[in-house]
Amino acid sequence: MTPPIPLIDVRAAQESLHHEISEAVERVLRSGRFVQGAEVARFEERFASYCEAKFAIAVDSGTAALHLALLACCLRAGDEVLTSPFTFVATGTAILHAAMRPAFSDILPDTLTLDPDRIEAALTSRTRAVVPVHLFGRIAEMERIRAIAERRGLFVIEDACQAHGARRGARTAGAWGHATVFSFYPSKNLSAIGDGGIVVTDDEKTAAEVRLRRDHGRTSKYEHGVLGWNYRMDEVQAAALSVKLDHLDRWNRQRQDLAGRYHERLSNLPLQLPPPSSDAVWHLYVVRTPRRDALRAHLDRRGIETGIHYPCPLHRMPVFSDLGYEEGRFPEAERAAREVLSLPLYPQLGAGGVDRIASEVRAFFA
Ligand SMILES: Cc1ncc(COP(=O)(O)O)c(C=O)c1O
C-alpha cells in the first residue's frame, strides 16, 4: 500500500527543525516575556535585511499586516483600493477592515496575477492604491504596475503573503511597493508555529504608523493617540521564525527543483502548466484543465491530496456583493476558478513524490 501524499506537509517541515525550534521556544518560556519583546525585535531586523528593506514590523497575521499597511498610507475611509479578484479572501477583506472600498481588475491567463493592460480602465477618481498579489510565489508585473501607479499618483502595497524570497530580476518581493505584507500562516514558505505576519517598508513614517496601530495606538502605556488594534506578534512565533528564516532559501531552491521536475514530467499533456520561472518561489504548483474535478477525483482515489486555490473569485463572494460586480465581469478570474488544481508541493515531497503524482496525472489523460 503506497502512503498517501498530502497537499502540504506542515509536520514534515517542522520535524526537520524540531530540536532548534524546541530550544527557541524554551528560551522564550524562560524569558518570561511572551509578546512583542526581544525575539520579535530580532526577527524584524533579520527579515527587513532579508527583504533588503529598511523596516519590518511584525504583527499577528498577514491580514493584520495588510489592514495596517493600508491605514499607514494615510488612505481615508471610502477610498478605493484596486486589487486582483483571484486571491485569498483576506486581500479583499483587509481593505474592508480599513473601511475602504475594494475594486477589482482581471488577471493574466498564464501567471494569474493582475493584468497591467486592464488596470487603467478600472481606476476611478477615488482610487488611491493598488495591491498586486504575488500569487503562488510569483511576483506580479511590477515594472508596469509601478509605472501606472506613478503616473496616476497611487500607492502600491504588495501582497507578498505567498512570496517570501521571490525575485523579479534584481528585486526581491518587498522592494517594489511603498509597503509589502507577508503572512507566516503554517502552510506558507516561511511559516510560524501558529499565525503571524509582517509589514516591510523603506518609509519611516509608514513604519512608525504601523508600529503605533499594532499595539492599541499607544504612545506610552496608557496614552492612545489614534485607533489601534491588538495585532502584536508572540515571542514564540518570532523565535520559531528566526530559526526557519535561515532555511528559507534552501527550501525555496528545493521547491524550485520540484516545480522544474513537475514541468518535465507533465509536458505534452492537455494540461496548462504554470509558466516556468527561476525567480518564483513556488508556494503552490497550480495546473489548469477544464477536466479539473475529474482529475482531482482520480488523484484522490490514488491517495494524492490536491487543492483548489481558489474556487470562487472575490467579486462573486457574498462578502463583496455590495460592490455590485456581476458574473462574467472578470472572465479570466472566473475561468481560473473553474480550472485550477494545486498539486502537492513542499520541500520534503522529494523527486519520488513528484514522479508518482506526475505518473498518476499522465494515467488520467492516457
Ligand atoms: C494572498 C494572501 N493574502 C493575504 C493572506 C492573509 O494572511 P493570514 O492568513 O496570515 O492572515 C493570505 C494568507 O493565506 C494570502 O495567501
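The values are calculated or read from the model by the stated rules, or taken from the named source; none is laboratory data. No experiment lies behind these values; they were computed from the predicted model shown. Positions of Cβ are backbone-derived with ideal geometry, glycine not excepted, and every protein chain shown enters the neighbour counts. These area figures cover heavy atoms from the full protein model, side chains too; ligands, DNA and RNA do not enter into them. Shrake-Rupley method; radii C 1.70, N 1.55, O 1.52, S 1.80 Å.
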*Coordinate range along principal axes, alpha carbons of segment 49-123, Å, largest first*: 33, 32, 20
_To the nearest 20 Debye, how big is the dipole of segment 248-365 about its Cα centre, given +1 on the beta carbon of each Lys and Arg and -1 on that of each Asp and Glu?_
400 debye
*For segment 237-285 and segment 158-177, what is the separation of their Cα centres, given in Å?*
15 Å
*Considering the options Ile145, Gly92, Leu70, tell which one lies farthest towards the positive end of the dipole of segment 10-245, charges being +1 on Lys and Arg and -1 on Asp and Glu at the Cβ, about the Cα centre.*
Leu70
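Of the accessible area of the chain, with the probe set at 1.4 angstrom, what percent is carbon plus sulfur?
Values: 7730 of 15400 Å².
With neighbouring chains kept in place, the figure for the chain is 50 percent.
Quote the charge dipole size of segment 120-278 about the Cα centre in Debye, to the nearest 20; the model charges only the Cβ of Lys and Arg (+1) and of Asp and Glu (-1). Intermediate results must be reported in sequence, preceding the final value.
Numbers: 24 positive and 19 negative charges, 47 e Å.
That gives segment 120-278 a dipole magnitude of about 220 debye.
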*State the Cα centre-to-centre distance between segment 1-69 and segment 183-200 in whole Å.*
6 Å
_Accessible surface, 1.4 Å probe, highest first, among residues Arg253, Arg46_ = Arg253, Arg46
_As a test question: what accessible area, to the nearest 10 Å², does Val35 have when a 1.4 Å probe is rolled over all protein chains in place?_
60 Å²
*Kindly report, to the nearest 10 Å², the accessible surface of Tyr50 as traced by a 1.4 Å probe over protein heavy atoms only.*
50 Å²
*Springs between alpha-carbon atoms under 10 Å, Gaussian network over the chain: tell me which of Ala94, Ala208, Ala192 tops the mean-square fluctuations.*
Ala208
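Give the Kirkwood hydrodynamic radius (Å, one decimal) of segment 248-365, defined as one over the mean of 1/r across all pairs of different Cα atoms.
This gives a value of 15.4 Å.
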*What's the percent breakdown of Cα-Cα distances in segment 75-159 across 5 Å bins, shortest bin first?*
3, 17, 29, 27, 17, 6, 1
_Please report the accessible area of Cys74 (heavy atoms, 1.4 Å probe, ligands and nucleic acids excluded) in Å², nearest 10._
80 Å²
*Which of the peptides 341-348, 313-320, 145-152, 83-90 is most tightly packed, and how do the rest follow, judged by the mean count of other Cβ atoms within 10 Å per residue?*
83-90, 341-348, 313-320, 145-152
*asked:* Distance between the C-alpha centers of segment 298-366 and segment 91-147? Whole Å please.
replied: 21 Å
*Relative to the compact globular guide of 2.2 N^0.38 Å, what is the alpha carbon radius of gyration of segment 215-296, as a ratio?*
1.84
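How much area per residue is accessible in the chain when the probe is 1.4 Å and only protein heavy atoms are counted (Å²)? Intermediate results must be reported in sequence, preceding the final value.
Numbers: 15400 Å² over 366 residues.
Value for the chain: 42 Å² per residue.
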*Would you mind checking which residues have amide H under 5 Å from Ile193's amide H? H placed 1.01 Å from N; only 5 or more apart, or other chain.*
none
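Treating only the Cβ of Lys, Arg, Asp and Glu as charged (+1, +1, -1, -1), what charge dipole size does the chain show about its Cα centre? Round to the nearest 20 debye.
Numbers: 46 positive and 47 negative charges, 34 e Å.
So the magnitude is around 160 debye.
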*Hey, what do the phi angles of segment 281-286 turn into as Karplus ³J(HN,Hα) couplings, whole Hz, using 6.51/-1.76/1.60 and θ = phi - 60°, x for Gly and Pro?*
10, 6, 5, 9, 10, 10
*Relative intensity, log₁₀ I(q)/I(0), of the chain from a Debye sum that treats every alpha carbon as a point, q = 0.07 Å⁻¹*: -0.30
